[in-house]
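**Q** The structure is given below, and queries will be raised subsequently.
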Amino acid sequence: GQQLNQSPQSMFIQEGEDVSMNCTSSSIFNTWLWYKQDPGEGPVLLIALYKAGELTSNGRLTAQFGITRKDSFLNISASIPSDVGIYFCAGQLLETSGSRLTFGEGTQLTVNP
Amino acid sequence: DTEVTQTPKHLVMGMTNKKSLKCEQHMGHRAMYWYKQKAKKPPELMFVYSYEKLSINESVPSRFSPECPNSSLLNLHLHALQPEDSALYLCASSQLATWEEQYFGPGTRLTVT
């Protein structure tokens, strides 16, 4: 089956620093999605990317859909304590039966005030 | 509005109990999903309903029984569960459109004793 390699697994940074994480796949996806999950809560969609090469921002977040359709990165600028959580990338294939997400293993982000 | 609601928030049940998890969305989405998530791991797909019909069953044990009474509601009936079934159960929904995004609910934390 398809697998996503997400890195790094964890990051410990100081407040105000920039953060970068990425996902790579051996397969092509239609869409890349980035989610953030707080403990005990469901994943919250941060950014959706639909076209190869697309660069999209959402506040302090910036994400790109790789040209080969096999990778994506997420940058967070000027991190703040509430950025703490687990960030998941997900590659999506749309089928007639529903969209199938393949998740990365997640990046645990810790921000020290 | 991109809200998916789930009840209950927490559930503790014995191995001989029967219980149900409920999920609701009012975004007009035509696909709904059940996921199981263990701590610090990505969500794992269990079932997909597309246009109120079960379209994907990821070889889930029969002690989990999904039901989609209408396009806004999704249930997961639980019977004779095992302690290893303890996890966060997430519901999600999506439009089944070209620009496809899955939105997750807050989850039900299930503990099987």
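**Q** Quick one: what pairs do we get from the stretch A:48-68, first residue within 14 Å of chain B (Cβ to nearest Cβ) and touching a residue at least 24 places away in the same chain (Cβ under 8 Å), second in a loop (DSSP other than H, G, I, E, B) and among the basic types (Lys, Arg), C-beta under 9 Å, 6+ apart or different chains?
**A** Note: pairs meeting the criteria are A:Phe65/A:Lys51.
**Q** For B:Thr7, are the conditions met, namely being over 30 Å from A:Asn30 (Cα atoms) and at pLDDT 95 or above?
**A** Values: over 30 Å from A:Asn30 (Cα atoms): yes; at pLDDT 95 or above: yes.
Considered against the rule, which asks whether it is over 30 Å from A:Asn30 (Cα atoms) and at pLDDT 95 or above, B:Thr7 comes out as yes.
**Q** B:Ser62 - would you say it is in contact (Cβ under 8 Å) with a residue 12 or more places away in the chain and either over 14 Å from the mean Cα position of the chain (by Cα) or farther than 22 Å from B:Lys18 by Cβ (or both)?
**A** It is false that B:Ser62 is in contact (Cβ under 8 Å) with a residue 12 or more places away in the chain and either over 14 Å from the mean Cα position of the chain (by Cα) or farther than 22 Å from B:Lys18 by Cβ (or both).
**Q** Where residues in the stretch A:23-37 are more than 10 Å from every other protein chain (Cβ to nearest Cβ) and either in contact (Cβ under 8 Å) with a residue 60 or more places away in the chain or not hydrophobic (A, V, I, L, M, F, W, C) (or both), which of them is nearest to A:Leu74 (Cα to Cα)?
**A** By that ranking, first place goes to A:Cys23.
**Q** Quick one: in the stretch A:74-89, which of the residues that are free of Cβ contacts under 8 Å to residues at least 60 places away in the same chain and buried (at least 18 other Cβ atoms within 10 Å of the Cβ) is nearest to the other protein chains (Cβ to nearest Cβ)? Give the steps one after another, and end with the answer.
**A** First pass over the stretch A:74-89, keeping only residues free of Cβ contacts under 8 Å to residues at least 60 places away in the same chain: A:74-77, A:82, A:84-86.
Then keep just the ones that are buried (at least 18 other Cβ atoms within 10 Å of the Cβ); that gives A:74, A:76, A:85-86.
Details: A:Leu74: 15, A:Ile76: 19, A:Gly85: 12, A:Ile86: 7 Å.
Only one residue tops the list, namely A:Ile86.
Yes/no per residue for (1) in contact with a Phe, Trp or Tyr (Cβ under 8 Å, 6 or more places away or on another chain); (2) modelled with pLDDT under 95; (3) closer than 18 Å to A:Ile28 by Cα:
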residue: A:Ile47; (1), (2), (3): yes, no, no
residue: A:Thr62; (1), (2), (3): no, no, no
residue: A:Phe88; (1), (2), (3): yes, no, yes
residue: A:Glu95; (1), (2), (3): no, yes, yes
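**Q** In addition: For the stretch A:68-113, which positions are among the polar types (S, T, N, Q) and closer than 24 Å to A:Gly16 by Cβ?
**A** Within the stretch A:68-113, A:Asn75, A:Ser77, A:Ser79, A:Ser82, A:Thr107, A:Gln108, A:Thr110, A:Asn112 qualify.
The values are calculated or read from the model by the stated rules, or taken from the named source; none is laboratory data. Small disclaimer: the values here were computed from a predicted structure and weren't measured. Glycine gets a Cβ as well: all are built from the backbone with ideal geometry, and neighbour counts include every protein chain shown.
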